[in-house]
1. Any idea what the dipole of the stretch 217-286 comes to, in debye rounded to 20, about its Cα centre with Lys/Arg Cβ at +1 and Asp/Glu Cβ at -1?
2. Once percent of Cα pairs over 41 Å apart is worked out from the coordinates, which option in (1) 14; (2) 58; (3) 22 does it equal?
3. Excluding residues on the same chain fewer than 8 positions from Lys34, give the lysines whose Cα lies under 28 Å from its Cα.
4. Using helices alone, I'd like the mean residue ellipticity at 222 nm for the chain: each DSSP H run of four-plus residues gives -39500 (n - 2.57), total over residue count, nearest 500.
5. From the mean inverse distance of alpha carbon pairs (Kirkwood) and the Cα radius of gyration, derive Rg over Rh for the stretch 154-278.
6. Treating cross-link reach as a plain straight distance, find the lysines whose alpha-carbon is under 18 Å from the alpha-carbon of Lys108, omitting any fewer than eight places away in the same chain.
Amino acid sequence: MTKVNKNFENLVPNYLFADIAKKTNEFIKANPDKKLIRLGIGDVTLPLAPVVVEAMKKGCDELGVKETFKGYPDYEGYEFLRTAISDYYKSFGVNVSADEILVNDGAKSDAGNIGDIFAEDNVILVTDPVYPVYVDSNIMAGRKILYADGTEENNFCAMPDPDVKADIIYLCSPNNPTGACLNKEQLKAWVDYANANNSLIIYDAAYEAFITEDDIPRSIMEIEGARTCAIEMCSLSKTAGFTGTRCGYTVIPKELELDGTNIYKLWYRRLSTKFNGVSYPVQCAAAAVFSEEGQKQTRENIAYYKENAKIIADTMDELGIKYTGGVNSPYIWLKCPNNMGSWEFFDYLLNNIYVVGTPGEGFGKNGAGWFRLTSFGDRENTIEAMNRFKGLMKK
C-alpha cells in the first residue's frame, strides 16, 4: 500500500499568503468598485533593469545559433556568473571565491531543500517571527524545531541562549518579516554559539542590497569564524526584480565540515542528482546585474523602494505608531493600533481603506499584534495608501 509523508499533517492547513489571497479575492468580488492597494506580499513592481533585459535577449539569441548554443548548464552555475558574484562580494570587502558559489533558481528553493543533506534528528532553531519556509520545510522532514524569541523588548533581534542546544540555525538579516537587522556584534554572538556547539547557521541574506548603515553586515562571511559554521543564501528577487525570472545563489565555504563530512561536496552531490541548473539566458541576465551598469540601474530601483519605505515609516512616525524596519529593509513591521489582533487589523484596513497588508501572526506567535507592510508597491499607490491610513487612524 502506498504511504504518504504524514509529517505534512503537522503543517498549518493553509500557507499564510494563500489565506490573504482568499480574503482579498472575496473582498474584490463583493466590492468591484473599490480601488484595492496591495502592500502585503513582498513581490516587486518595477520592471527588470534595461541592461538585464538586453543580456537575457542576447542569451536567447545565442541559443539560436549553432556556434553559441548551450545545452545543460553546469550544475553549480556558469563560471562567468559565479565570478561576477565573487567580484560583487569583493566590492564590499568579503572574500568568497567563485568555486564556493552555487547558482540556484531563487533562495527559497535552497532554503527549503538544504535539509535533504542533514539527518532527520537534527534539532532546528529559528527566530520567531520567522519566514514560513524555514519552519515548514523542517516540519515536512519531521524535525524538532525550537524558537528564539524576537520581541518588542529586543527589537526583534533574537539572540542565542547558551542553555539551548540546536544543530541547525536559520537566521535572516535584514529580517523578513520584521525588517530588523543584526549588527556585527550580534551576528558574531551567533557565529560563536554555532562554533561552540558544532552547529550550522543557514543565513538568508536576500535583502542585503537594502543595507545602508555601516554596522550592519551585508554577509555573514564578514564575521570572523563564519566560514567554519555558516552557509549563506541570497537572491536576486528583491535585489534586481527577479521574483518571476528566478535566480539566486548559495555560498558554501570549501573548508566547512560537519560530522566529518565536507558540506560543499555533499550539497553538490544532492544538487547534481535533483537539479539541472538555471537556464543560460537567466544566468546571462543575472551576470548583467553585477556589471557596473547593472549595479547602477538596479540600485535606482532599490532607491525607489527605499523611498516608498520612508513614506510608510514617516506615516508611522506622524501617527506615533511603533515599528521596526524601513531603513535597511523594504519591510515596515508595525504594532497594531488600539491593541488589535493582527488578523483583526488586516480586516480593519481591508474593509475601511481597501489596503492589504500581512498579519504578523502568520510569521509566528511573536507576530501577534503586529503587521507587515511592504515598500514594493507603486509610488502613487504607496502615497495614496498612507493618506488613507492617516485619515483612518486620525478619526
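Bear in mind these aren't lab numbers, they're just calculated from the coordinates by the rules spelled out. Since we're looking at a predicted model, the values are computed, not measured. Don't worry about glycine lacking a Cβ; one is built from the backbone with ideal geometry, like all the others, and counts go over all protein chains shown.
1. 360
2. (1)
3. Result set, ordered by chain and number: Lys22, Lys23, Lys306, Lys310, Lys335, Lys390, Lys394, Lys395.
4. -12000 deg cm²/dmol
5. 0.97
6. Leaving aside lysines fewer than 8 places away in the same chain, those within reach of Lys108 are Lys238, Lys274.
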